[in-house]
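None of the figures in this text is laboratory data; all of them are computed from the coordinates on show. Since this is a predicted model, take the numbers as computed values, not measurements. Neighbour counts run over all protein chains shown; Cβ positions are idealised from the backbone, glycine included.
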């Protein structure tokens, strides 16, 4: 019995999940190729038989029996053939046994190379079969080593996966032996002809998978994550919708006293998570995203939304280094411009003063502002602001003092919009 070969069979079956017949076929191919290269006088008709139970190897070649040999690779003389098979005749094909010991050093080296290639392909097929349908699942493993700087090799048991440096937050640090949970992102071919499993902890879908794992209502699709954006290691925002009127989507994801979301935050090393109700109306979704801050003014364009908020709300809406506003923009798929109410009012006052200097005769006509009721316009005229120019020359404090209940900045904004439309 070939104990070494049997040990290889058992190891590959147990540790790599590669079936014995695949290993036998790989070794047979390698020995066949090695025999052709290293044993003189062999033709193409070489066969290898390996006993799967004992590991014994038999290698054969076929030669035709002739009276006079002209091609040693393909033919054997009748005299020589009868030393092997006494009853053979001219014209027959004779199967000649060759033992592996006849191969020599070159044959063994060639066999090792081809076996390595074949087994690598077989291992790749096993990886594909076991993991290709598990993309999007959370997988646990152990940090085994580091390659190419901070790329992590994770031991998953039967295979090793890699988690490139870009695939986990910059603030996270790992040591060999640490347990790690990650999302199986994909299985792909590598440069050496094998396959590799790619993991990630920085992708937004990793957070989605954690929520689905923690919140049964997400798993059974009573509640759905409609949109999710993330700055890995710092903040994640997700908008959720309920398909059951009796189920609060935000409360469901957060859990009683935050029990559900706390488990996820702990796994993400205290990354901040904002869960908001989803709305098909982008303006309503924007308000949900910045709550409890309120939007004082808003203008929506095709590719951007400009909002004005209270001065005290501005730092919260913008976030550290503009991160919060950037994530809100990603959620809405538009650029977000945020302005303090004090800056907005100051700019509005300057624009009104500049317009007042204009020689446009339209500004000296009877005051008319689109979207403003005649009652308010009459009140303005009674207070001495009977033309747009006079209104533009007024100070922000004068209007509410003389016309109670009227907001100067609201009217000024309408005047500017009306002027823009007229000039287009």
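A few comments on the model shown:
- The fewest-to-most ranking of 61, 83 by surrounding Cβ atoms within 10 Å reads 83, 61.
- Taking the fewest neighbouring Cβ atoms within 10 Å as the starting point, the ordered list for 398, 231, 302 is 302, 398, 231.
- Note on residue 83 and residue 190: their simple-model spin labels are 5.1 nm apart, each label 7 Å out from Cα toward Cβ.
- Gaussian network model of the chain, springs between alpha carbon atoms under 10 Å - residue of 226, 357, 271 with greatest fluctuation: 357
- Between helix 20-38 and the chain: long-axis angle, C-alpha atoms, 0 to 90°, nearest 10: 60
- For region 215-341, relative contact order (Cα pairs under 8 Å, six or more residues apart, normalised by length) works out to 20 percent.
- Area projected by the alpha carbon convex hull of region 119-245, averaged over all directions, nm²: 8.8
- Residues in region 288-321 reached by a label modelled at residue 351 [backbone nitrogen below 16 Å; 7 Å Cα→Cβ]: 296-301, 305-309
- Extending 7 Å from the Cα toward the beta-carbon at both residue 262 and residue 21 defines two label points whose distance is 5.5 nm.
- Of 132, 64, 235, the residue with the greatest mean-square motion in the GNM of the chain, using alpha carbon springs below 10 Å, is 64.
- Counting DSSP beta bridges with both ends in region 215-341, the antiparallel % (nearest 5): 50
- Mean separation of Cα contacts under 8 Å, 6 or more apart, over the residue count of the chain: relative contact order %: 7
- Extension gain from residue 135 to residue 343, taking 0.36 nm per residue of separation minus the Cα-Cα distance: 70.0 nm
- Calculated FRET efficiency, residue 11 to residue 36, Cβ-Cβ distance, R0 = 25 Å: about 0.30 to the nearest 0.05.
- Inverse mean reciprocal Cα-Cα distance (Kirkwood Rh) of region 304-381, Å: 15.6
- As a proxy for reagent exposure, 59, 403 were ordered by neighbouring Cβ count within 10 angstrom, fewest first; the result is 403, 59.
- With Cα atoms, 0 to 90° folded angle of helix 204-214 axis to the chain main axis: 90
- Per-bin percent of Cα-Cα distances, region 215-341 [5 Å]: 2, 10, 20, 22, 20, 13, 9, 4, 0
- Sorted largest first, extent of region 358-423 alpha carbons per principal axis (Å): 31, 21, 19
- Added length on full extension, which subtracts the Cα-Cα distance from 0.36 nm per residue, residue 373 to residue 333: 10.8 nm
- Region 338-388: relative contact order as a whole-number percent, Cα under 8 Å and 6+ apart: 33
- Put simply, the C-alpha atoms of region 253-321 give a gyration tensor, and the ellipsoid matching it has half-axes of 27, 15, 11 Å, longest first.
- Gain upon complete extension [residue 364, residue 311; 0.36 nm per residue less C-alpha separation]: 15.6 nm
- Per residue Cα convex hull volume in Å³ - calculated over the chain: 267
- In this calculation the C-beta distance from residue 58 to residue 172 is compared with R0 = 51 Å, giving a FRET efficiency of 0.40.
- Applying 1/(1 + (r/R0)^6) with R0 = 22 Å to the Cβ-Cβ distance of residue 68 and residue 47 gives a FRET efficiency near 0.25.
- Largest GNM mean-square fluctuation across 315, 216, 404, computed for the chain with C-alpha springs under 10 Å, falls on 404.
- Angle of helix 104-131 to the longest C-alpha principal axis of the chain, folded into 0 to 90 degrees and rounded to 10: 40°.
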